[in-house]
Amino acid sequence: MPGLKLIQPTAGVLRVQPHVYRRSEHPISRRAINPNALKVLYRLKQAGFRACLVGGCVRDLLLGREPKDFDVVTDAHPEQVRALFRNCRLVGRRFRLAHICFGQEIVEVATFRATAAPGREGDWVQEESGRLLRDNVFGTIEEDAFRRDFTANALYYDIADFSVIDYVGGMEDLQRGVLRLIGDPELRYREDPVRMLRAVRLMTKLGFVLDPACAEPIKKLAPLLAGVSPARLYEEVLKLFLSGLAVQNFEWLRHYGLFEFLFPTTEKALSSEYQGFPSTFLVRALEAADRRLSEGKPVTPYFLYATLLWEPVRLEFERHLAQGVAPAVAMQEAASTILTEQQRHVAIARRVALPMREVWLLQPRLERCQGSRPLKLLAHPRFRAGYDFLLLRCAAGEVAPEIGEWWAEFQQVGEDRRREMLSGVQRKRRRRSKARRASMFPSQSCSGLSPSSG
Ligand code: ATP
Ligand code: MG
């Protein structure tokens, strides 16, 4: 690591001279710090404890970005923190943390931690693979710095003198735009394979280059993701794909061979071409999600997961159709198969899985615009999401664009025009029903168009 002076590397104990950047040597102003986080820092300091901001917030403040959350670290133990704050509760098993609540806002306070190591006292459990299951060994600030993931994430803003303390060369890496793991990359990924996902997410978020030594082992170690709890991966996937940088993250995840361990059925579907063309649905859907987020519009987790798994669901759906199964049943079967398989890798809670299924089940129904069906569909609680999803499929060339246009008009017009549209459709559908039955998408068109005519 650049600029470091190792003083006394005794067994398991670090002795490193940090680089201390005085207030005049860095741009962090207290005005940019969340007032509740400041209150917590001052209270700890007044009680005689050491108190610093650390991690993403210091990194972001130094880069002139607005931090997402303000994490406080201290040498006070969790019980001592609780004794200082009325509005405090202790949480977490793998990490014991104090949450100080200010209305809706929570300031997280952690005690300095050391890396668990053989012979080291404390409450920690490590698997044979190197993965840490419990990690509650308290330590010094420098030990705390070395157990963080990236150098840019291991800078401390000390409330005692407003300095920034750097044990790992993080400031230089920040200035050069390099994301670098602290210590031996392979070892650090083995301890916690989620760091590979964090590498991708932070590199795109910050616009940084991943240090080549940290990039190199990822392909080989990607299979370690299979050992990470599906619930934790669910959260990481949301961070990767609801960040506004979903397309970039998706491309890097595939580049490093990580995506296939998050979404194996999707990866397989993407590698197989559909009717001679590689599918563009997912990339277009992720582009649309990024665009929505940049416009301040929400993207729900269920809609995101519905798009991430659509390719394999569609292939499975078509397989059932080819066997003569009715579209509604084929979609139910496809949804169940893919969801069950996916749950082995990334946990999807029922509250997310149910609306996802509904969006998928609506797809064949939205392609049939006849009789009283469209009116019933308009009243469906998931209609809007199902329609938005249909538009993504239209944009990807999977469904004739006229179907999307038909629905756009149908939603806007009055009763008379709706009746006209429905009857017009019925007449056309009768004329074209033979051609439709021959198509892979039996109900491909509201107006009797075949997929290729779109
Ligand atoms: P974001 O801005 O997206 O919140 P972040 O770096 O703050 O990014 P958090 O998940 O909030 O990410 O983590 C806070 C800090 O905790 C990190 O900056 C890092 O120092 C440390 N950290 C988080 N995850 C790990 C990990 N898997 N291994 C080691 N340290 C970690
Ligand atoms: Mg953070």
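Here, each number is a calculation from the coordinates, and none is a lab measurement. It should be emphasised that the depicted structure is a prediction, and the values quoted were computed from it without experimental measurement. All Cβ positions, glycine included, derive from the backbone under ideal geometry; neighbour counts span all protein chains shown.
Cα centroids of the stretch 133-203 and the stretch 404-420: how far apart, whole angstrom? If we compute the Cα centre of each part, the gap is 56 Å.
Only lysine pairs 8 or more places apart, or on different chains, with alpha-carbon atoms under 30 angstrom apart are counted in the chain, and they number 23. Its DSSP H runs of at least 4 residues, each contributing -39,500 (n - 2.57), put the calculated 222 nm mean residue ellipticity of the chain at -14500 deg cm²/dmol, to the nearest 500.
Relative contact order of the stretch 259-425, taken over Cα pairs closer than 8 Å and 6 or more residues apart, is 23 percent. The loop-placed GluC sites (Glu not before Pro) in the stretch 226-313, going by DSSP, that have at most 14 neighbouring Cβ atoms within 10 Å of their Cβ come out as 273, 295. Hull volume per residue, based on the alpha-carbon atoms of the chain and their convex hull, is 164 Å³. For the pair residue 239 and residue 373, the difference between a 0.36 nm per residue extended length and the Cα-Cα distance amounts to 44.5 nm.
Take every pair of alpha-carbon atoms less than 8 Å apart whose residues are at least six positions apart; their mean separation over the length of the chain yields a relative contact order of 10 percent. Quotient of the Cα radius of gyration of the stretch 182-284 and 2.2 N^0.38 Å, N being its number of residues: 1.09.
Helix 415-438 against the longest principal axis of the chain: what's the angle in degrees, Cα atoms only, rounded to the nearest 10? Helix 415-438 and the main axis of the chain meet at about 80 degrees.
Taking amide H atoms as placed 1.01 Å from N in the peptide plane, the amide H of residue 114 lies under 5 Å from those of 137, 138, 139, each 5 or more residues away in sequence or on another chain. Over the C-alpha atoms of the stretch 192-246, the Rg to Rh ratio, Rh being the Kirkwood estimate, stands at 0.97.
Mind checking the log10 I(q)/I(0) for the stretch 16-176 at q = 0.09, 0.11, 0.15, 0.19 Å⁻¹? Debye, one equal scatterer per Cα, no solvent, two decimals. Reported log10 I(q)/I(0), two decimals: -0.29, -0.43, -0.81, -1.25. Dimensions of the stretch 259-425 based on its C-alpha atoms, expressed as ranges along the principal axes with the largest first, amount to 52, 44, 34 Å. Cβ under 15 Å from residue 175's Cβ, residue 175 left aside: what net charge do those residues give with Lys, Arg +1 and Asp, Glu -1? Summing Lys/Arg as +1 and Asp/Glu as -1 gives -2.
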